[in-house]
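Below is one structure, written out as structure tokens, with a few remarks after it.
What follows draws every value from the coordinates through simple rules; no lab data is involved. Bear in mind the structure is a predicted one, so any value in this text is a computation, not a measurement. Backbone-built Cβ (ideal geometry, glycine too); neighbour counts: all protein chains shown.
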Ligand SMILES: C[S@@+](CC[C@H](N)C(=O)[O-])C[C@H]1O[C@@H](n2cnc3c(N)ncnc32)[C@H](O)[C@@H]1O
């Protein structure tokens with residue numbers, strides 16, 4: 001069995017600059033033609049760009065759909081094929097590995113995505129098997145030529161010999177003797193990530209990883225769309241009138257069962273936006289901690305693209321406070337400005353700034369949010385390919401920056417002020433590991449029981465910290481620590 005501690009089939013890098021267009025066909029940049037079988041071709045182009053140049057599917061796919069004028073059912077099929085294939089890539093690779101004589105690592109980066117795309121259609125969709133194979137081989141002929149298309153045809157016919165369940169019984173390690181390896185193949189995650197998530201959940205590493213399994217399964221589900229009604233500018237009732245349903249936990253959230261969020265008037269007018277419910281709740285928790293004395297100066301140190309800053313600015317405007325939102329990347333700061341400047345009484349100001357070298361004086365703020373850059377292991381439902389990008393080594397490389405940012409956040413808070421340390425990751429070295437490291441080196445801050453500020457939400461407390469989970473709360477796996485400056 002191949003070790004799946006990381007995406008085992010990473011090809012060597014190709015020269016950059018080729019765009020997503022993989023084949024030899026000429027492309028007219030002024031008016032790109034809609035390709036034959038546009039859904040599959042577009043899914044293939046995205047999968048190949050992800051494989052070869054670490055493209056982001058959530059950015060590239062909508063851009064290609066727009067550029068090629070693909071809408072309706074074709075757009076829906078392209079989306080399903082792209083995300084479905086990326087989510088189950090680890091499982092399909094294990095199956096494909098068993099179907100070819102040589103190692104899958106030796107398969108060209110042009111061919112590998114087409115094999116995965118074919119496996120996905122055969123094993124996880126209702127597309128009739130002959131149509132799945134024929135259409136995929138047709139794509140292969142156009143993008144990699146007749147010779148390699150014959151190879152694709154032969155492999156996919158072997159894949160079609162069993163259904164998914166039967167394949168898993170063959171290729172997944174035994175659950176009792178190797179639960180981590182079993183779950184890694186069955187639920188398509190790198191092996192190290194299964195262990196890291198199990199540790200964050202507190203699952204017994206010697207046991208069957210019973211809670212880890214539903215978490216991994218949830219990562220392979222399409223997340224529902226959650227909206228935020230910006231305080232003072234729209235209400236949940238407005239969103240419900242537009243077809244959404246009130247959310248379970250956040251007083252500002254509504255779930256959109258289906259359809260394009262932009263069809264809602266409030267979203268078009270930027271009075272509402274798409275935002276995960278846990279993102280809303282960690283920002284809200286920061287505003288619920290009581291602070292003695294003045295409560296007018298709020299800081300968001302890592303604000304881009306502005307989800308939490310937009311909510312905080314709205315809440316600040318209702319309480320005669322003002323938010324300063326800092327973001328190091330100018331383009332992302334522009335997005336923050338769009339989110340913040342429509343808050344009540346325009347309570348936010350945005351600056352392009354490196355928050356590790358603050359332009360503000362120490363002790364200047366009553367409330368500070370530091371939502372640090374992280375591995376994104378809490379958002380695998382929305383960015384399925386990110387699970388294959390990290391290794392155990394690279395998963396820890398942001399920790400020095402995270403520690404630095406938290407230390408600067410504590411500096412920025414005044415005595416009696418409060419700091420929220422947030423990550424969109426449950427990975428222990430970037431959650432409690434960072435908080436405990438920083439607090440070990442200073443005596444001017446104490447941890448508050450964060451769950452006390454999110455009182456009606458079950459199963460979020462992990463000691464003094466809060467950890468949301470996709471399988472428990474239907475949200476991203478967002479972490480929150482609340483600290484009081486002394
Ligand atoms: C996890 S994201 C923040 C998400 C944001 N709070 C929201 O809700 O939309 C982290 C952000 O921090 C920014 N960042 C990274 N290093 C920074 C630094 N030294 N100073 C300021 N911002 C930084 C990144 O560019 C990124 O936009």
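Here the spin labels are modelled as points 7 Å beyond Cα on the Cα-Cβ line, and at residue 222 and residue 147 they lie 4.0 nm apart. Taking square-rooted eigenvalues a ≥ b ≥ c of the alpha carbon gyration tensor, is region 264-362 rounded, prolate or oblate, where a/c under 1.5 means rounded and, failing that, a/b exceeding b/c means prolate? Oblate is the answer for region 264-362, as a/c is 1.5 or above yet b/c matches or exceeds a/b. Here region 457-486 and region 286-336 have alpha carbon centers that stand 20 Å from each other.
Here the spin labels are modelled as points 7 Å beyond Cα on the Cα-Cβ line, and at residue 383 and residue 103 they lie 2.9 nm apart. Beta bridges from DSSP with both residues in the chain: antiparallel share about 55 percent, rounded to the nearest 5.
Peptide packing: for 396-403, 321-328, the average count of neighbouring Cβ atoms within 10 Å per residue gives the ranking 321-328, 396-403, highest mean first. The slack in the chain from residue 199 to residue 67, taken as 0.36 nm per residue of separation less the alpha-carbon distance, amounts to 43.2 nm.
If you plug the beta carbon distance of residue 296 and residue 446 into 1/(1 + (r/R0)^6) with R0 = 30 Å, you get a FRET efficiency near 0.85. With the simple model of a label 7 Å out from the Cα in the direction of the Cβ, residue 354 to residue 130 spans 6.4 nm.
Radius of gyration over Kirkwood radius for the chain, both on Cα atoms: the Rg/Rh ratio is 0.99. Ranked by the mean number of other Cβ atoms within 10 Å of their residues, highest first, the peptides 220-232, 369-381 fall in the order 369-381, 220-232. For region 349-406 versus region 430-453, the inter-centroid distance based on Cα atoms is 16 Å.
Seen against the Cα atoms of the chain and their longest principal axis, helix 89-99 is set at about 20 degrees. Normalising the average separation of contacting C-alpha pairs (under 8 angstrom, six or more residues apart) by the number of residues puts the relative contact order of the chain at 12 percent.
Each semi-axis of the equivalent ellipsoid for region 177-219 is √(5λ) with λ an eigenvalue of the Cα gyration tensor; in descending order they amount to 13, 11, 9 Å. Here r is the Cβ-Cβ distance between residue 459 and residue 394 and R0 is 35 Å; the resulting FRET efficiency, rounded to 0.05, is 0.70.
For the chain, the longest principal axis of the C-alpha atoms and the axis of helix 191-201 are separated by about 30°.
In terms of other Cβ atoms within 10 Å, 421, 83 run from fewest to most in the order 83, 421. In the chain, the DSSP-assigned H stretches of four residues or longer account for a calculated mean residue ellipticity at 222 nm of -13000 deg cm²/dmol, using -39500 (n - 2.57) per stretch and the full residue count as denominator. Peptides 69-80, 384-395, 463-474, 84-95 ranked from most to least packed give 84-95, 463-474, 384-395, 69-80, packing being the mean of other C-beta atoms within 10 angstrom over each peptide's residues. Can you give me the Cα centroid spacing of region 97-111 and region 114-136 in angstrom? Result: 17 Å between the Cα centres.
Between residue 331 and residue 362, the FRET efficiency estimated from the beta carbon spacing at R0 = 22 angstrom works out to 0.15. Relative to the dominant Cα principal axis of the chain, helix 57-67 is inclined by about 70°.
Length gained on full extension, residue 258 to residue 401, computed as 0.36 nm times the residue gap minus the Cα-Cα distance: 47.6 nm. For region 70-137, rounded, prolate or oblate, judged on the Cα gyration tensor with a ≥ b ≥ c (square roots of eigenvalues), a/c < 1.5 rounded, else prolate if a/b > b/c? Judged from the Cα gyration tensor, region 70-137 comes out prolate (a/c at least 1.5, a/b above b/c).
Only alpha carbons enter this Debye calculation for region 225-274, each as an equal point scatterer, and the log10 of I(q)/I(0) it gives at q = 0.17, 0.25, 0.30, 0.32 Å⁻¹ is -0.36, -0.81, -1.22, -1.40.
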